[in-house]
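Below is one structure; the comments refer to it alone.
The values are calculated or read from the model by the stated rules, or taken from the named source; none is laboratory data. Note that this is a predicted model, so its numbers are computed, not measured. As a convention, Cβ positions derive from the backbone with ideal geometry for all residues, glycine included, and neighbour counts pool all protein chains shown.
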Amino acid sequence: MDLENFLTQHQSAILKRWFNFIIDTYPPETAKLFKREKDPFANPVGSTIFQGMQGLYQELVREIDPETASPFLDKIIRIRAIQDFSPSRAIAFVFVLKDLVREQSRAADDPEETLSQDDLTSFDGRIDRLAMLAFDIYVQCREKLYELRVNEVKNRTHRLLQRANLLAEIPDQEPSL
Amino acid sequence: MASVPKANELIAGTDHKPPKTGWMDTPVEFRPGTWCYSGKSKNLEVVGLPNPREWSPIDDDWKLPENWKEIIFEGLRERIHKYRSFQLFMDICVRCGACADKCHFFIGSGDPKNMPVLRAELLRSVYRKDFTLAGKILGKMAGARELTEDVVKEWFFYFFQCTECRRCSVFCPYGIDTAEITIIGRELLNLLGLNIDWITAPVANCYMTGNHLGIQPHAFKDMIEFFVEEIEEVTGVKIEPTFNRKGAEILFITPSGDVFADPGTYTLMGYLMLFHEIGLDYTWSTYASEGGNFGLFTSHEMMKRLNSKMYAEAKRLGVKWILGGECGHMWRVINQYMDTMNGPADFLEEPVSPITGTKFENAKSTKMVHLVEFTADLIKHGKLKLDKSRNDHLKVTFHDSCNPARAMGFFEEPRYVLNNVCNHFYDMPPNTIREQTFCCGSGSGLNTDEYMEMRMRGGLPRANAVKHVHEQHGVNMLSCICAIDRAVLPPLMNYWVPGVDVTGVHELVGNALVMEGEHERTTDLRGEPLEGMEDSDNEDL
Ligand code: SF4
Ligand code: SF4
């Protein structure tokens, strides 16, 4: 079976296992609640991750377009980047799809229904592209975090310094002549 | 075939696997971004807090006093007798779990010890061991444990990972208020000299100089005069506020954050404009120059001490009553604690609006009126001329700050004012506002930069709801009535919902307020062009 059909046909099974994989990286008590609660405002982590995965899955069925795939990846990684995960663990969910798809293919009874080696290689290529994007996004999130820290320290006393004439600022506009 | 590890085996080999031990026996790990710097000894000394010394949470040795266990047990005993609510909260939790997933820190971090029930259990387990019969006999089986240094470290980690927002209490069938447990937990930690600099420095400054940053009277006055100039630039109207004026009818007190930090400064401009326009007989104080009270995050005693200075100043100046600006925890202190702590303030008069004649009966005892209520009353009586269209460049939502919302039930007044000063207002989903509002994630003295990562976790549920109205309605302005919110929501938005800015309600009032003698306005208070004025020449302003 060709890759596109395979992925479409097994979408709900693979998505479910993929979602469970990522949620199981949280402690068990937490995972239970993150899986159960469906209200997106009561459970933003579970629901945002799920939405992101749904979007990414559609991207994988086609080819990976960085423009359209990035926002979905961003949804998930922006959360993981500020939680208690090492960088590798924060983006591990991308790689695990290689296993999940292979397992799903192996489970098929009819050899006609499995994926060929070529298909698998092509799928791995898509995952690799996604992984590179994921790496970029993770780093952007962490950089943003440090930028916020620095800005906050600066803003805190800016008005005071300005008032105390301790700042010599270049005016925004050229003085009119 | 060569053995190629599977992707998820590779991952399993990394780190942060769930611990094998139960929560009671798993010590905390102080990772950067998840804890706040410790209180400096000079600040502890100034206000007489115990055990001043230099130390850091990542040190092995926290330099606790010799008899630290005794101090904690004695402190716990004293508080159990003093606060009946505390003993009840220790005893009656049935572990039903209704509160478990209601805390923003749990929702955003996924750390089970941020479930309110477990946060309380950190203290309760020690209470059980030494204060209940079952715990004494059965120990761990009854959920009891020994008090060790690791337990104290865990308290420090998690009691400074609770913003005392009270959201969990809304969902508890018994009304257990975990915020109160955190308050006592922090009080006990303070007995050992365990506190954070972001709280002790403001406390010390407030005690010595009158405000969190230690702005001295002349500089405070200078700052406000600076805003007077900015207002004149935008409106053409010259305002003349007074300072420490004896015999004024009203003393106005607001958090000092409004004086020195954007975007609170624009809210302060709104206050000045409003008071000028209605001809209010009021004064600023350069001594009671802080509405905030970080004593609340230290101990009951410290809260009382800092609160008393506002009333001492009202007495000294001989005003009739106090008007309070847009602040969060100042109102919690006034509404929940002031009356039994320092009240009743009998030397003041029951507040009456000099413009509308409305009696603020709810402030009968504390003699302090919330500005948003005062303004809502002005609008209701048609005393303000407002041009809503001057906020047409903004699509506004409202963040119910935890304290006015849950400690005061203050829901309608801000929305009433907002709907009268802007045309585009959109509320966030119901389970994220009003009494169910989500905390900004940085309250109760946790708004420090080294804590940014944890703040992003704690603020995630709030940001998620803002994101929803941003995507649905194009909301680009998040309004609030708390100075800590105004300081911490901008970075939160920057990370989670870029394109949304933060404002106080009275900044929007200032924009809409039609003032006598003003020239045509082309910009808002921030100098941003008004709708339709994008091309106008601002050179002459
Ligand atoms: S909701 Fe109340 S009774 Fe139930 S676990 Fe939480 S604190 Fe205990
Ligand atoms: S008071 Fe707020 S921060 Fe503290 S445990 Fe309850 S919900 Fe969490």
Conditions (1) closer than 20 Å to A:S12 by Cβ; (2) of a type in the set (D, E, K, R); (3) more than 14 Å from chain B (Cβ to nearest Cβ) -> A:R129 fails only (1)
Open item on the list: Can you say whether A:F50 is crowded, with 16+ Cβ neighbours inside 10 Å, touching a helix residue (DSSP H, G or I) at 6+ places or on another chain (Cβ under 9 Å) and at the interface with chain B (Cβ under 9 Å from one of its Cβ atoms), as far as the supplied structure shows?
Closed with: no
With the first residue restricted to the range B:431-448 and required to be within 16 Å of ligand 1 (Cβ to nearest atom), and the second required to be modelled with pLDDT under 95 and in a loop (DSSP other than H, G, I, E, B), Cβ contacts under 6 Å at 6 or more apart or on different chains are none
Flagged in the range A:69-89 as aliphatic (A, V, I, L, M) and facing chain B (nearest Cβ under 10 Å), in numbering order, are A:I79, A:A81, A:I82
Within the range B:147-203, restricting to residues that are among the polar types (S, T, N, Q) and within 16 Å of ligand 1 (Cβ to nearest atom), the one that is farthest from B:K129 (Cα to Cα) is B:S169
- For A:F93, state whether it is out of contact with any helix residue (DSSP H, G or I) (no Cβ under 6 Å at 6 or more places or on another chain), at negative phi, within 14 Å of chain B (Cβ to nearest Cβ) and in contact (Cβ under 8 Å) with a residue 40 or more places away in the chain. no
Going through the range B:63-98 in order, the residues found to be within 16 Å of ligand 2 (Cβ to nearest atom) and out of contact with any Lys or Arg (no Cβ under 9 Å at 6 or more places or on another chain) are B:S85, B:R95, B:C96, B:G97, B:A98
Among helices (runs of 4 or more DSSP H) entirely inside the range B:196-282, those with 1 or more residues being assigned by TED's automatic domain parsing to the domain that holds B:I379 and surrounded by fewer than 20 Cβ atoms within 10 Å (Cβ to Cβ) are B:197-208, B:217-235, B:264-278
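Can you confirm whether the range B:70-86 contains a residue that is within 16 Å of ligand 1 (Cβ to nearest atom), touching a residue at least 24 places away in the same chain (Cβ under 8 Å), under 30 Å from B:F438 (Cα atoms) and not small (G, A, S)?
yes
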Matching residues in the range B:161-195 (of a type outside the set (A, V, I, L, M, F, W, C), farther than 17 Å from B:P52 by Cα and assigned to a helix (DSSP H, G or I)) number 6
B:G517 passes all but one of the listed conditions (1) more than 14 Å from chain A (Cβ to nearest Cβ); (2) surrounded by fewer than 24 Cβ atoms within 10 Å (Cβ to Cβ); (3) under 28 Å from A:A81 (Cβ atoms); the exception is number (3)
Filtering the range B:347-373 down to residues that are surrounded by fewer than 20 Cβ atoms within 10 Å (Cβ to Cβ) and in a helix (DSSP H, G or I) yields B:E361, B:N362
Just one listed residue, out of B:R390, B:R316, is more than 22 Å from B:I481 (Cβ to Cβ) and in a helix (DSSP H, G or I), and it is B:R316
Taking the range B:255-288 and keeping only residues that are away from every other protein chain (no Cβ under 14 Å), closer than 16 Å to B:G510 by Cα and in contact with a helix residue (DSSP H, G or I) (Cβ under 9 Å, 6 or more places away or on another chain), one is left with B:G270, B:Y271, B:L272, B:M273, B:L274, B:H276, B:I278, B:L280
| said: Just to be sure before I move on: is B:E413 surrounded by fewer than 18 Cβ atoms within 10 Å (Cβ to Cβ), at pLDDT 95 or above and assigned to a helix (DSSP H, G or I) in the structure I sent? | reply: no
Per the list (1) over 20 Å from the mean Cα position of the chain (by Cα); (2) within 24 Å of A:A81 (Cα to Cα); (3) small (G, A, S), residue check on B:A487 breaks on (1)
In the range B:107-146, anything more than 16 Å from ligand 1 (Cβ to nearest atom) and charged (D, E, K, R) is listed as B:D111, B:K129, B:D130, B:K136, B:K140, B:R145, B:E146
Within the range A:42-64, residues touching a Leu at 6+ places or on another chain (Cβ under 9 Å) and hydrophobic (A, V, I, L, M, F, W, C) come out as A:V45, A:F50, A:M53, A:L56, A:L60, A:V61, A:I64
Sole miss for B:H506 among (1) part of a helix (DSSP H, G or I); (2) surrounded by fewer than 16 Cβ atoms within 10 Å (Cβ to Cβ) is condition (2)
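For the range B:131-178, name all the residues that are aliphatic (A, V, I, L, M) and within 15 Å of ligand 2 (Cβ to nearest atom).
B:V170, B:I176
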